Amino acid sequence: MTTSRADSSAIELIDWKAYGPFPVFGVDEVGRGCLAGPVFAAAATLKSDLHLNLLTDSKKISEKRRELISPLIHKDHEVFIASASVEEIDELNILQASLLAMLRAVEGLSARLGISAGHVLVDGNQKIPGLAERLPGFQQTTIVKGDLRAAPISAASIVAKVARDHLMLRLGSEFTEYGFEKHKGYGSLHHRQAIQRFGPTRHHRKSFSGVKEFLSSEGPSL
């Protein structure tokens, strides 16, 4: 692999091709730390070595570069993007909602490919609950910092980030006071000040600190 993938020189890369059964899915989520918007997850499997040198953690590359790389991943590999809604986040908590989005992504990709067995590499240290029951032919392995260490997880990270950013751009054009197109739902100063001034929208996570303090008795108004 080229140095652009291993710029994180202290990070030990994973030989993801050593995992079986094939195919190997990489799974990652984006948006866990946001105050607004759903959490997105993607599952990706690499059909070849194309674009491996471009793949790394989506947070390590610019928005402009992600926008260039994501279409290449969609074109030359296989991906499925899923989400868990704001309502599910508030009901389940953000960790469980993120894992639910991951499960949906894996189920979606396996259905699209028409396969019943594989190996899922999950970014982080939490396995996906229910995967063994829903897809008994799939094994799963957690990999801390997997978006830096395993190319399929990196691919999932990038396409999920771009897809979620596009949603937040659309919300930014609808809710112009909040600046979603700039901060993508994260708790920037502008975002927090907008919540205080205008109140939360229906797209805000009512259970999150920074939002719940400003809910009226009627709930979100926009």
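Key figures for this structure:
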| read-out | value |
| --- | --- |
| Selected from 131, 39, 116, residue furthest toward positive end of dipole (the chain; charges at beta carbon) | 39 |
| Cross-link pairs 184/206; 127/161; 59/212; 47/182 - those with Cα-Cα distance over 25 Å | 59/212; 47/182 |
| Exposure proxy ranking, count of Cβ atoms within 10 Å, fewest first, for 102, 168 | 168, 102 |
| Label assignment, Rg and Dmax of the Cα atoms in Å derived from the structure, set (1) 20.2, 61; (2) 17.9, 56; (3) 22.6, 67 | (2) |
| Test item: Cα-centred dipole of the chain, Lys/Arg +1 and Asp/Glu -1 on Cβ, debye | 300 |
| Per-pair calculated FRET efficiency, R0 = 41 Å: residue 212 and residue 67 via Cβ, rounded to 0.05 | 0.75 |
| Additional length obtainable on full extension of the chain from residue 87 to residue 166, 0.36 nm per residue less Cα span | 26.4 nm |
| Approximate spin-label separation residue 74-residue 126, in nm, with each point projected 7 Å along Cα-to-Cβ | 2.8 |
| Unit charges on C-beta of K, R, D, E only; dipole of the stretch 175-214, Debye | 140 |
| Potential extension, residue 95-residue 113 segment - 0.36 nm per residue separation minus Cα distance | 3.7 nm |
| Most to least packed among 191-198, 150-157 [average Cβ atoms within 10 Å] | 150-157, 191-198 |
| Likely footprinting exposure, 29, 181, fewest C-beta neighbours within 10 Å first | 181, 29 |
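All of the numbers you see were taken from the coordinates with simple rules; none came from a lab. Predicted model only: the values in this text are computed from it and were never measured. Positions of Cβ are generated from backbone atoms using ideal geometry, with glycine treated the same way; all protein chains shown enter the neighbour counts.
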